[in-house]
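The values are calculated or read from the model by the stated rules, or taken from the named source; none is laboratory data. Given the structure is predicted, the values throughout are model-derived calculations rather than measurements. Backbone-built Cβ (ideal geometry, glycine too); neighbour counts: all protein chains shown.
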């Protein structure tokens, strides 16, 4: 995993989330970890994701996300980093807030662990739940499926759990 790129992506998302004016609905930032799964679970890698939420209304938000994972040996094409935007719909209110989303982004791929890097567009769908613990602190459980937009046969899924901080 290219640590410098992961740190730069994390810093950019954090600055973007704190630099915009606050709306009536709080923006949030989450840091999650989990698994990036390939070929129906035949290959897996640790995935780390940083996500910034920008509310539009109580039921809709835009999420900017970046995630990284090491390439996996034995998988034809590993997705090593993804930067995406997702439009998400959620049920407003309550301690547990389920959501679904769809979006698109740019991914960096590597064929084999030592292969040459490639990049391209991806489409994503996902869902999960945001769970409030305290007024500003919570958890988020997320699952996503991504497929290359160019018609490539490879797809991968991320399953992550993380801490979420809501700005006030």
Just a yes or no: is a residue in the range 34-51 in contact with a strand residue (DSSP E or B) (Cβ under 9 Å, 6 or more places away or on another chain), farther than 29 Å from residue 111 by Cβ and either part of a helix (DSSP H, G or I) or at pLDDT 95 or above (or both)?
-> no
Could you tell me which of the residues 87, 33, 28 is in contact (Cβ under 8 Å) with a residue 60 or more places away in the chain and exposed (fewer than 15 other Cβ atoms within 10 Å of the Cβ)?
-> 33
With respect to residue 69, is the statement that it is within 20 Å of residue 163 (Cα to Cα), at pLDDT 95 or above and surrounded by 17 or more Cβ atoms within 10 Å (Cβ to Cβ) true?
-> no
Subset of the range 57-101 (residues that are more than 23 Å from residue 133 (Cα to Cα) and over 15 Å from the mean Cα position of the chain (by Cα)) = 70, 71, 72, 73, 74, 75, 76, 77, 78
